[in-house]
Amino acid sequence: MKSLFLKIFLSFWVAQALFIVLAILVTLAFRPRSATWEALRNTVLNDAVSAYEEGGDHQLRQYFENLESTQHVRAYLFNEQGEEVSRRGAPDWAIRVASGGTRSPRDGVVFPAPPIQRDSRASSDGKHRYTLVMGLPPGPRVFFGPRGMPIPGLIIAILSSGFVCYFLAWYMTKPVARLRAATQQLAAGDLTARAGNPKSRRRDEIAGLVRDFDTMAGRLETLVKAQSRLLNDISHELRSPLARLNVALGLARQRSGEESASMLERIELEASRLNELIGRLLTLARLEDGEKRVPSTPVFLDEIVLNIAEDAEFEAQARHCHVRSGIPVGVWEVRGEASLLHSAIENVVRNAIRYTREGTTVEIHLASSRTPAGAEAVVSVTDSGSGVPPDALEKLFQPFYRLDDDRGRQTGGVGLGLAITERAVRFHGGHVAAFNKAEGGLLVEIHLPLLADRSAGMNSEQVPAVQEA
């Protein structure tokens, strides 16, 4: 049983039910036995006749009321004419038994009917005869049925205890459910997630845990936003000296000779890399901010993939590689920002070109899949490189993560491209994952929700964007 609610509810309910049953059993076990009731019957009959003869119906009524309050015994005294002489008003079952009849079969089905004792004797002067009818408390001889414990009463008691236990379990586990949901939201990147209920007045330990979680979440939100603002401000501040550096570099080219050309080209290359790094940092800071909302502009994913493949084919020629894309016929429309999606897919493709073996082909495929949330587009990018260690697959999308610093310096990477891809895709409601192929190489899949489920007419025909040379 994995549910805390069910554990608490069933534990409390079973405990309450056992308590009720054991209490009834103990009560019945300590009730007087039949021999005791027979002795009491004789005593009550003699005392009742004496009380009636001495003080009339008033004294007899007081005696019966005292007997009922102390012994929980309901007694009635009848004369020869079938009249109840204490004038208290006898129930129907007592009148029937006094006249020699039997109790009605319906007595005790809903409310408990007591076991009955009946006896009679003559008056002191022998002129009258009195009949005593006593209703005893339920004894241990009959537990259920018309003359014992009422079954509906027991059912009502167990159901009532179940309702109380259900409410108690719900009251105890409701904050835990809210805390779990808020934890999942926080883990998914929603820093505004809170578990507390502003209208709640609880002050117990669970409420304290919820308040501590909200304090922690608020602190995390403040720190992350401060870090994002700091990164954004630093990146913006670096743009100004870079712009001045480019101007100075242009002036230096005009005034320098042939011997300085190689050094100036090196400076220009490093400045370009620094400018690109600042641009990526700004993009990352914008995505991490969390305040930007996904635009409602329709974007055609097939056009983006086709454009990226054409540009990447030109870049891949430097390594004697090729880029080939396969796009099925259909409407690949998603909602989002075209430039951001273009950058996300392009980062993956350029990364594949950078690490695939020379003379191989990078494959880009666009496909559709169906999930419980609806149809989604899947962009698959496959290379023929050496792959990635299994324990590093999840780390590929972390900022500034590189498998090999020496290789990163040779290729010019700083570990921000795939991080931007992951955040851009998550910003658009999708997700990205990386897998090692069995035959070697890396497969990166980008999942994005389609704007409308119009992929039913898509066929499996592959349309190459760039033919392999």
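The values are calculated or read from the model by the stated rules, or taken from the named source; none is laboratory data. Bear in mind that the values here come from a model prediction, so they are computed numbers and not experimental data. Counting neighbours? That spans all protein chains shown, and the Cβs are built from the backbone with ideal geometry, glycine included. Accessible surface areas use protein heavy atoms only, side chains included; no ligands, DNA or RNA. Shrake-Rupley method; radii C 1.70, N 1.55, O 1.52, S 1.80 Å.
Worth a mention:
- Which numbered condition A193 fails, given (1) surrounded by 11 or more Cβ atoms within 10 Å (Cβ to Cβ); (2) part of a helix (DSSP H, G or I): (2)
- Among the residues of this structure, E265 does not count as one that is open to solvent by 80 Å² or more (accessible area, probe 1.4 Å), over 40 Å from the mean Cα position of the chain (by Cα), modelled with pLDDT under 80 and farther than 25 Å from G430 by Cβ.
- Test result for V323, outside any helix (DSSP H, G or I) and either touching a Lys or Arg at 6+ places or on another chain (Cβ under 9 Å) or more than 23 Å from L396 (Cβ to Cβ) (or both): no
- G408 meets all of the listed conditions (1) modelled with pLDDT under 85; (2) open to solvent by less than 80 Å² (accessible area, probe 1.4 Å); (3) touching a Gly at 6+ places or on another chain (Cβ under 8 Å); (4) closer than 30 Å to R335 by Cα but one, namely (4).
- Subset tally (residues that are hydrophobic (A, V, I, L, M, F, W, C), more than 22 Å from F5 (Cα to Cα) and at pLDDT 80 or above) for the stretch 124-175: 3
- Among the residues of the stretch 10-48, those that are of a type in the set (F, W, Y) and at pLDDT below 75 comprise F30, W37.
- Selection within the stretch 326-349: residues that are charged (D, E, K, R) and either in contact (Cβ under 8 Å) with a residue 60 or more places away in the chain or outside any helix (DSSP H, G or I) (or both). The member of this set that is nearest to F397 (Cα to Cα) is E337.
- So A352, is it farther than 21 Å from N436 by Cα, in a helix (DSSP H, G or I), touching an Asp or Glu at 6+ places or on another chain (Cβ under 8 Å) and of a type in the set (G, A, S): no
- Screening A344 with (1) open to solvent by less than 10 Å² (accessible area, probe 1.4 Å); (2) over 38 Å from the mean Cα position of the chain (by Cα) gives one miss only, at (2).
- Matching entry among Q184, Q227 (being open to solvent by 90 Å² or more (accessible area, probe 1.4 Å), at pLDDT below 80, under 30 Å from H431 (Cβ atoms) and not in a loop (DSSP other than H, G, I, E, B)): Q227
- Some residue of the stretch 49-65 being farther than 24 Å from G126 by Cβ, among the β-branched types (V, I, T), in a helix (DSSP H, G or I) and in contact (Cβ under 8 Å) with a residue 12 or more places away in the chain: no
- Verdict on V247 being touching a Pro at 6+ places or on another chain (Cβ under 8 Å), modelled with pLDDT of 80 or more, farther than 28 Å from L340 by Cα and assigned to a helix (DSSP H, G or I): no
- Residue in the stretch 417-428 that is buried (at least 18 other Cβ atoms within 10 Å of the Cβ), modelled with pLDDT of 75 or more, within 22 Å of V331 (Cα to Cα) and touching a Lys or Arg at 6+ places or on another chain (Cβ under 7 Å) present: no
- Restricting the first member to the stretch 218-245 and to residues that are farther than 18 Å from A187 by Cβ, and the second to residues that are modelled with pLDDT of 80 or more and open to solvent by less than 90 Å² (accessible area, probe 1.4 Å), the beta-carbon pairs closer than 6 Å and six or more apart or on different chains are L245/A271.
- Every residue from the stretch 66-84 that is under 60 Å from the mean Cα position of the chain (by Cα) and assigned to a loop (DSSP other than H, G, I, E, B): H72, V73
Residues checked against (1) modelled with pLDDT under 90; (2) part of a strand (DSSP E or B); (3) more than 20 Å from R426 (Cβ to Cβ):
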position	(1), (2), (3)
P295	yes, no, no
A309	no, no, yes
E363	no, yes, yes
S369	yes, yes, no
S380	no, yes, no
